Amino acid sequence: MVISRNGENGERQPPIRSERFFKPHNFWFFATREGTAVGPFDAQEGAANAVEDYIEFMQKADDGAREFFTPGAKFAV
């Protein structure tokens, strides 16, 4: 499933974002647009599947939930 970014209409193939995945110390992570590293995953395939879940979550989440994944955000305790 291809999910378009803001401004993309889905008619063309989006650019490959290979820099999203990285593997420090034998575990895979993915980077979000918000600057958060999500992981660890045993395999890159697991990280790739989690990206799809993360995008779906962010599309459905309210502003408060999305703010949780924004580095430097202030939260009420």
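The values are calculated or read from the model by the stated rules, or taken from the named source; none is laboratory data. Because the structure is predicted, anything quoted here is derived from the model rather than measured. Here the Cβ positions follow ideal geometry from the backbone for every residue, glycine too, while neighbour counts run over all protein chains shown.
Annotations
- Only residues that are loosely packed, with under 14 Cβ neighbours inside 10 Å and within 11 Å of F69 (Cβ to Cβ) were counted in segment 35-49, giving 2.
- Members of segment 50-67 that are surrounded by fewer than 12 Cβ atoms within 10 Å (Cβ to Cβ) and modelled with pLDDT under 90: D63, G64, A65
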